[in-house]
Amino acid sequence: MEIVVRSSKVVKPAYGEGRTPAVDVVVPLTVFDEVHDEYMSSIHAFHPPSPTPAALEAGLARALAEYREWAGRLLDAADGRTTAGRRALLLNDAGARFVEATAGIALEAAVPLLLQPAAARRLHPSGEGAEELMLVQVTRFACGSLVVGHTMHHAVGDGFAMCQCLLAWGQCTRSAAVDPVPVHDRESFFLPRHPPRVEFDHRGIEFKVPNGKNDDKAEKSPPPTADGEVVVTHKVRFSREFISGLKSLASASATPLRPYTTMQCLVAHLWRCVTRARGLDGGEATTTLHMAVNGRARMRCPRVPQGYTGNVVLWAHPAAAARELLAGPLGRAAELVRREVARVDDAYFRSFIDFIGSGAVEEEGLEPMSDAAGSPDVEVYCLYRVPFYDIDFGGGRQLLYMPSNQPVDGAVYILPPCPQGEGSVEVLVSLYSRAMDAFKDCGCSLVVSDILV
């Protein structure tokens with residue numbers, strides 16, 4: 001699939017008459033923003049009719065006037081304009097990168113190729129060495145279809161925040177009102193309490209000592225791999241009927257008033273499948289499921305509005321001995337997921353904020369915990385309720401959404417429900433090739449595709 005870049009330019013916010021915001025405003029990153037220093041990318045495919053590049057560019061300029069963060073720049077902690085040694089956002093309206101490209105084939109012929117990382121990465125800009133915090137590429141195919149790819153810096157916002165900016169881009173392109181209304185305040189929602197009340201242990205959970213040793217944690221053994229193996233990403237679709245059966249099986253041991261949810265059952269099932277595929281069922285290794293938890297729905301005093309434009313994510317970490325996880329019923333795994341996710345509540349978020357504010361991180365030289373992938377662990381990014389499929393540039397909802405990050409062993413993405421999916425759920429699972437061969441036999445339904453790095 002040949003992609004030809006036609007133009008690349010910087011698009012700055014278009015405020016319109018009567019709006020003249022202050023420039024060079026410095027906004028410190030929050031405790032939830034600071035841990036991120038990477039870009040996240042996705043692609044979105046649309047059938048015609050689709051707007052012209054000029055309309056998309058104008059819509060982006062108007063959207064950036066509502067979401068100034070994405071048109072700004074990051075300031076390093078050592079920059080004299082920052083405070084308390086923290087990185088910050090500089091709202092200077094420097095702009096976002098806008099790339100126009102064309103493809104010489106029809107989108108229908110390209111869809112299988114879009115599921116290959118090497119091809120997908122050609123449909124969105126690379127963030128490597130970029131100054132911009134938001135980079136987008138619009139690629140028009142021979143049939144008139146459009147693929148919009150985006151690369152956005154995670155320090156600015158989480159998946160919800162990124163999606164809200166993209167929704168606004170679509171709304172501005174259609175001359176519709178921006179909804180939800182963005183909330184830019186990055187200070188008042190996350191103020192530490194006085195005195196601090198650190199009620200939970202955040203060492204070994206969100207932070208580690210520099211040498212990486214945590215003597216109070218169970219020792220883990222790396223999953224078996226062979227030299228020369230590649231990471232394979234397997235996309236599966238769980239049908240509505242399959243999920244219904246999964247919920248019935250898991251909830252058989254639950255109280256009638258508290259059946260397990262679709263996500264609790266599906267995550268528990270995937271955790272067990274990956275663990276079995278790695279051949280850990282006969283060993284003593286401890287496997288941990290790391291699952292992102294959105295604080296917007298959990299923080300109470302004060303509440304964080306849905307339109308908040310930054311990061312509000314911590315992680316739940318249910319763990320079990322691999323042998324026990326697989327020998328026990330599905331409901332036991334679902335209960336572990338439910339219990340640990342519920343534990344990351346308002347009190348836990350507030351304790352985390354107070355722990356950061358106590359100065360312990362600096363005094364002890366603590367470092368953020370690295371990603372769990374590459375161990376017996378499973379790292380789940382649940383995008384199911386992130387409304388990426390609501391993005392509309394004027395030609396209707398998209399036919400394909402897919403994250404496009406470098407696949408890592410142990411990473412699982414639960415995708416938003418596709419409008420044409422009839423109640424099914426699609427999941428991307430990345431494992432080493434030998435484990436992936438076993439994973440396909442672990443109760444996963446229809447295979448959509450395999451993706452090689």
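The values are calculated or read from the model by the stated rules, or taken from the named source; none is laboratory data. Predicted model, so just to flag it, every value in this text is computed and none were measured. Neighbour counts run over all protein chains shown; Cβ positions are idealised from the backbone, glycine included.
Quick check on this structure: which one of ALA77, ALA54, ALA22 is under 21 Å from ILE356 (Cα atoms), among the small types (Gly, Ala, Ser) and assigned by TED's automatic domain parsing to the domain that holds ARG174?
Step by step, each of ALA77, ALA54, ALA22 is checked, and only ALA77 is under 21 Å from ILE356 (Cα atoms), among the small types (Gly, Ala, Ser) and assigned by TED's automatic domain parsing to the domain that holds ARG174.
Among the residues in the stretch 90-101, are any assigned to a strand (DSSP E or B), farther than 22 Å from SER7 by Cα and assigned by TED's automatic domain parsing to the domain that holds GLU128?
yes
If THR20 passes every condition in (1) hydroxyl-bearing (Ser, Thr, Tyr); (2) farther than 30 Å from GLN116 by Cβ; (3) crowded, with 19+ Cβ neighbours inside 10 Å but one, which one does it miss?
Here THR20 meets the rest and fails (3).
How many of the residues in the stretch 319-336 are touching a helix residue (DSSP H, G or I) at 6+ places or on another chain (Cβ under 7 Å), surrounded by 19 or more Cβ atoms within 10 Å (Cβ to Cβ) and under 19 Å from ALA285 (Cβ atoms)?
Residues meeting the conditions: 4.
With SER404, SER424 as the choices, which residue is surrounded by 17 or more Cβ atoms within 10 Å (Cβ to Cβ) and either closer than 15 Å to SER239 by Cα or among the aromatic types (Phe, Trp, Tyr) (or both)? Walk me through how you get there before you give the answer.
Numbers: SER404 fails: either closer than 15 Å to SER239 by Cα or among the aromatic types (Phe, Trp, Tyr) (or both).
Of SER404, SER424, the one residue that is surrounded by 17 or more Cβ atoms within 10 Å (Cβ to Cβ) and either closer than 15 Å to SER239 by Cα or among the aromatic types (Phe, Trp, Tyr) (or both) is SER424.
Could you say whether any residue in the stretch 102-109 is in a helix (DSSP H, G or I) and touching a Ser or Thr at 6+ places or on another chain (Cβ under 9 Å)?
Our first condition is that a residue be in a helix (DSSP H, G or I); within the stretch 102-109, this holds for 107-109.
Now drop any that are not touching a Ser or Thr at 6+ places or on another chain (Cβ under 9 Å), which leaves 107-108.
Within the stretch 102-109, one or more residues are in a helix (DSSP H, G or I) and touching a Ser or Thr at 6+ places or on another chain (Cβ under 9 Å).
May I ask you to verify whether PRO305 is surrounded by fewer than 21 Cβ atoms within 10 Å (Cβ to Cβ) and without any contact (Cβ under 8 Å) to a residue 40 or more places away in the chain?
For PRO305, the condition - surrounded by fewer than 21 Cβ atoms within 10 Å (Cβ to Cβ) and without any contact (Cβ under 8 Å) to a residue 40 or more places away in the chain - is not met.
Given the structure, is ALA77 surrounded by fewer than 21 Cβ atoms within 10 Å (Cβ to Cβ) and either acidic (Asp, Glu) or in a loop (DSSP other than H, G, I, E, B) (or both)?
Yes: the conditions hold for ALA77.
In the stretch 1-24, how many are out of contact with any helix residue (DSSP H, G or I) (no Cβ under 6 Å at 6 or more places or on another chain) and either hydroxyl-bearing (Ser, Thr, Tyr) or modelled with pLDDT of 95 or more (or both)?
So the count comes out to 9.
Go through (1) crowded, with 23+ Cβ neighbours inside 10 Å; (2) without any contact (Cβ under 8 Å) to a residue 40 or more places away in the chain for LEU266 and report which single condition fails.
Evaluating LEU266 over (1) crowded, with 23+ Cβ neighbours inside 10 Å; (2) without any contact (Cβ under 8 Å) to a residue 40 or more places away in the chain leaves (2) as the failure.
Could you check the stretch 309-328 and list, in sequence order, the residues that are of a type in the set (A, V, I, L, M) and farther than 30 Å from ALA65 by Cα?
Answer for the stretch 309-328, where residues must be of a type in the set (A, V, I, L, M) and farther than 30 Å from ALA65 by Cα: ALA316, ALA319, ALA320, ALA321, ALA322, LEU325, LEU326, ALA327.
Residues LEU113, LEU91: which one is surrounded by 14 or more Cβ atoms within 10 Å (Cβ to Cβ) and under 22 Å from PRO180 (Cα atoms)?
Residue meeting the stated conditions: LEU91.
Would you be able to tell me the number of residues in the stretch 229-250 that are in contact (Cβ under 8 Å) with a residue 24 or more places away in the chain and outside any loop (DSSP other than H, G, I, E, B)?
Of the residues in the stretch 229-250, 14 are in contact (Cβ under 8 Å) with a residue 24 or more places away in the chain and outside any loop (DSSP other than H, G, I, E, B).
Would you be able to tell me the number of residues in the stretch 165-183 that are farther than 15 Å from PHE388 by Cβ and either in contact with a Cys (Cβ under 9 Å, 6 or more places away or on another chain) or in a helix (DSSP H, G or I) (or both)?
4
Which members of the stretch 36-73 meet the condition of being surrounded by fewer than 18 Cβ atoms within 10 Å (Cβ to Cβ) and either β-branched (Val, Ile, Thr) or not in a loop (DSSP other than H, G, I, E, B) (or both)?
Residues satisfying the conditions are THR52, PRO53, ALA54, ALA55, ALA58, ARG73.
Only one residue in GLY157, GLY144, GLY149, GLY127 is of a type in the set (Gly, Ala, Ser) and part of a strand (DSSP E or B), so which one is that? So that I can check it myself, show each step before the final result.
Numbers: GLY157 fails: part of a strand (DSSP E or B); GLY144 fails: part of a strand (DSSP E or B); GLY127 fails: part of a strand (DSSP E or B).
Step by step, each of GLY157, GLY144, GLY149, GLY127 is checked, and only GLY149 is of a type in the set (Gly, Ala, Ser) and part of a strand (DSSP E or B).
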